[in-house]
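One structure below.
FYI, it's all coordinate maths here, none of it is from the lab. Note that the coordinates shown come from a computational prediction; the quantities given were computed from them, not determined experimentally. When we count neighbours, we look across all protein chains shown, and the Cβ atoms used for this are built from the backbone with ideal geometry, even at glycine.
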Amino acid sequence: MLAVFDQTVAKCPEGLRSPPTPGKAGPGGGGAGALMKGFTDANDAAVTVSLGSAGALAYSSANKNPLVPRMFGSVNDIFCLFKGHVENIGNLKQQYGLSKTANEVTILIEAYRTLRDRGPLPASQVVRDLSGRFTFILYDTLSKSTFVAADADGSIPFFWGVDSEDHLVFSDDTELLKAGCGNSFAPFPKGCFYTTSGGLQSFEHPLNELKAVPRVDSQGQMCGSNFKVDSEAKKDSGIPRVGSAADWSNHY
């Protein structure tokens, strides 16, 4: 699976882009078009979806691993690419009021719609409620919003990077990322999710900041960054501590 997003809907985080290695070519030219062509050339019966100026998605059902299936679907202009398996799917169907035939893609789209339209839970809780091995890429064409995540163990190979046109790229194909993003790519951090509005966050430790740790390849060259939870850096909750003189009652 592959997603290429314009920087207007998915801004590259600091640290993911690496300076070009002297004497080596940088990210391949052609941007989104070249990445999509590379995917379709390498995957039989590939399906591509243009998102206009926001980017593009690509999916193929060929050579699927039955233990780690890939799925693709859309509901009301929301597209979802999914790889893996959710173990508590029965409980989630009941939680979101879905039929017995609903699969992981349907559940994720409904969970996102609930989050977008009613917002009873934070995004971190929505992802934390998923039990299993998974990674997913979701795009809402109406709000022009992305929602991407990987499970807490990082058990599904999944990568992200930035190409020559500053597109943020997500894929399970490391060779495609190397060709399209040069040394500006890295494994997507486990236990994390990315949204247009909030950027990269940890759903296991939602109150902590993430820090970029430069990644070095086998030749000793900089190659993107691994993002780790900073146990000492807490996010500002926006709510004054007990004893503050500020009047924040009107926030409720």
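Below, the figures for the structure above:
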item	result
Nitroxide proxy distance, nm - points 7 Å out along Cα→Cβ at ASN76 and MET222	4.5 nm
Nearest-20 debye value, the chain charge dipole, Cβ charges on Lys, Arg, Asp, Glu	240 debye
Whole-number percent relative contact order across the chain, with pairs defined as alpha carbons under 8 Å at least 6 apart	23 percent
Fully extended contour minus Cα-Cα distance, from ASP44 to GLU209, at 0.36 nm per residue	55.3 nm
ASN63 paired with LYS100, simple spin-label distance in nm, labels 7 Å along Cα-to-beta-carbon	3.7 nm
Whichever aspartates and glutamates have a C-alpha closer than 20 Å to that of LYS100, once near sequence neighbours (fewer than 8 apart) are set aside	GLU87, GLU110, ASP129
Members of LYS37/LYS178; LYS190/LYS228; LYS178/LYS211; LYS144/LYS190 lying beyond 18 Å, as alpha-carbon distances in this model show	LYS178/LYS211; LYS144/LYS190
